[in-house]
Each structure stands twice: as C-alpha cells, then as structure tokens.
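**Q** Once you've had a glance at the structure underneath, I'll fire off some questions.
Where a number appears in this text, it was derived from the coordinates with a stated rule and is not lab data. Please read all numbers here as calculations on a predicted model, not as lab measurements. Here the Cβ positions follow ideal geometry from the backbone for every residue, glycine too, while neighbour counts run over all protein chains shown.
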Amino acid sequence: MIQPIASHESSPIELIIFDCDGVLVDSEILSQRVLLDMLKELGANVSADYFFEHFLGYNFEHVTNKVFEDFSVTLTNEFRFSYRDKLKQVFIEELESTKDLMWFLSQLNVKSCVATSGSPEKVKTSLTTTKLNDFFIDKVFTSSEVKHGKPAPDLFLHAADKMGISYKNCLVIEDSPTGIKAALAASMNVLHYVGASHMKNRATEINKSVGAINKLKHWREFFLHYPSLNSSFPIER
C-alpha cells in the first residue's frame, strides 16, 4: 500500500502540489525530442540517458550551464527563444494530459496547485492546450518566483505558503529525481508518478538516485490509498 513519505502520518493532507511536466502533462518525451535535435545542430550530441539524468526536472538556466560545462556549447537567448517557439508548436499539435488525469482532478476534494521548473509561458501553454487551466486558476507557481529552483525546497515551500497550508499537510506528486529531492528537502510527503511516457523502464534509476520512493502508476490508484481525498468518500456524521 502506498503511504506518505515524509513521516507526517498524523497530519492530514490538505494540499496536493503537482509538478507539471511529466505529471500533469505527458510532455517530457516531446521536450527531449525538440531539445536534443536542436542541440545536435550545435554539435552537442546529447543522449536520452543524459537528458534524463541532467535535464529532467531542472529549469532552463541549469540546462544552459550544464551544456556549456559538458559540451562547451553556449545556449544564447536566440537559442532559448527558438526552442520555446518550436516546443510550443509541438505542444499545441501533440501534447496530452496524462492518462485519466481529468477524471482524477474532478474527483479530488482537497486543495491543489502546480509548482514547476518550467517558465510561466511554458506552463500556460501546457495547461491551456490540455484544457487543465480551469483546475489551476491562480494556483500555478514557477521557479522564476524563487531564488533557488529544484532540487532546493524553495519552490514547494513557496507554493505551500501562497496556498496557506503547512508543509506538514502537503503531498507533492513528482516524476523527476530533482523534484523528489526538492519535496524531501521541504519535509513534505511525496509520491513518485511513473505514468508518463518518459518514465517507461526508468523507475529503477530513480530509486538509485533518491531511494525507494512510493510510486503511483495510474491516477485511478490514488484513491485506493487516499480514499478520504475523494469527493465521493462518505462523511461520518
């Protein structure tokens, strides 16, 4: 049975903090394709494994620094804008929410928000394209709002503060080692979502990086383990 991770078992879950890419939307496989193709044109032959280890869950500033450090390639503002525009078009044409997410969100009876390393423009495109924006109006927080992005705890603590909920009552749902480390650093409960395309056959790698985090393979599993967070859960009177 899935259990909360950060040992706040006596504290009820009052807020779910969702990562966006790879959790709400099945975007990481698309981002990987676009970015790696563009980097190849600059002479940086980046593998899918490298992307998973060094880019997944990080903001673009980290990606820029890592590419320069390991490949001696400078990603200019022009590159960044071109990548943003190409990815936006791919998202509009191909992006989908993760399987059964709409059903899950419609059943959820607890506060929720988004905390992502993606830019405000990127998350807006993602949520609008997949018709998820109505679930998260004024409840989206990005790494641009804090000094230190994931794996630092800043973004999750910022989101909890803005939502008016103690860290002890938060459950983070993340796909990347970076995001999981950030949630643990914030002393929050955390689940590892492994239902998106890029996570196929990758769960073992996550375990090596951050330990045996409890996994969520399908959104329909969630209420089997957190039944009180389902709107149809009977209330005792």
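**Q** Considering the options 63, 39, 92, tell which one lies farthest towards the positive end of the dipole of the stretch 28-94, charges being +1 on Lys and Arg and -1 on Asp and Glu at the Cβ, about the Cα centre.
**A** The residue sitting most towards the positive pole is 92.
**Q** What is the set of long-range amide H partners of residue 15 at a cut-off below 5 Å, with H atoms built 1.01 Å from backbone N?
**A** Correct list: 171.
**Q** Using the 10 angstrom Cβ neighbour count as an exposure proxy, how do 156, 71, 91 rank, fewest first?
**A** Values: 156 29, 71 16, 91 21.
Least crowded to most crowded, the residues run 71, 91, 156.
**Q** Would you please classify the overall shape of the stretch 110-201 from the alpha carbon gyration tensor, given that a ≥ b ≥ c denote the square roots of the eigenvalues, rounded means a/c under 1.5, and beyond that prolate means a/b larger than b/c while oblate covers the rest? Show your work: numbers first, answer last.
**A** Details: a/c = 1.41, a/b = 1.09, b/c = 1.29.
Verdict is rounded for the stretch 110-201.
**Q** Let me ask something else. What's the magnitude of the charge dipole for the stretch 95-168 around its Cα centre, counting Lys and Arg as +1 and Asp and Glu as -1 at the beta-carbon? Answer in Debye, nearest 20. Present the calculation step by step, with values, prior to reporting the outcome.
**A** Details: 10 positive and 8 negative charges, 24 e Å.
In total the dipole reaches around 120 debye.
**Q** Antiparallel DSSP bridges in the chain: what percent, to the nearest 5? Spell out each step's value before the answer.
**A** Working: 2 of 20 bridges.
Around 10 percent of the beta bridges assigned by DSSP in the chain are antiparallel ones.
**Q** Treat the count of other C-beta atoms within 10 Å as a stand-in for reagent exposure and order 64, 142, 76, 128 from fewest to most. If you can, show how the numbers build up before the last one.
**A** Details: 64 17, 142 23, 76 10, 128 14.
Arranged by neighbour count, lowest to highest, 64, 142, 76, 128 become 76, 128, 64, 142.
**Q** Let me ask something additional. Give, rounded to the nearest 20 debye, the magnitude of the charge dipole that the stretch 28-94 has about its Cα centre when Lys and Arg contribute +1 at Cβ and Asp and Glu contribute -1 at Cβ. Before the final figure, lay out the partial values.
**A** On the way: 7 positive and 12 negative charges, 32 e Å.
Once rounded to the nearest 20, the dipole reads 160 debye.
**Q** Are there any trypsin sites (Lys or Arg not before Pro) in the stretch 131-194 that are in a DSSP loop and have at most 13 other Cβ atoms within 10 Å? List them by number.
**A** On the way: sites: 131, 139, 147, 162, 168, 181; in loops: 131, 139, 147.
Sparse-neighbourhood loop trypsin sites (Lys or Arg not before Pro): 131, 147.
**Q** Under a Cβ-only charge scheme (Lys and Arg +1, Asp and Glu -1), can you give me the dipole magnitude of the chain about the Cα centre, in debye to the nearest 20? Could you put the intermediate results ahead of the total?
**A** Details: 25 positive and 30 negative charges, 67 e Å.
Charge dipole of the chain: 320 debye, to the nearest 20.
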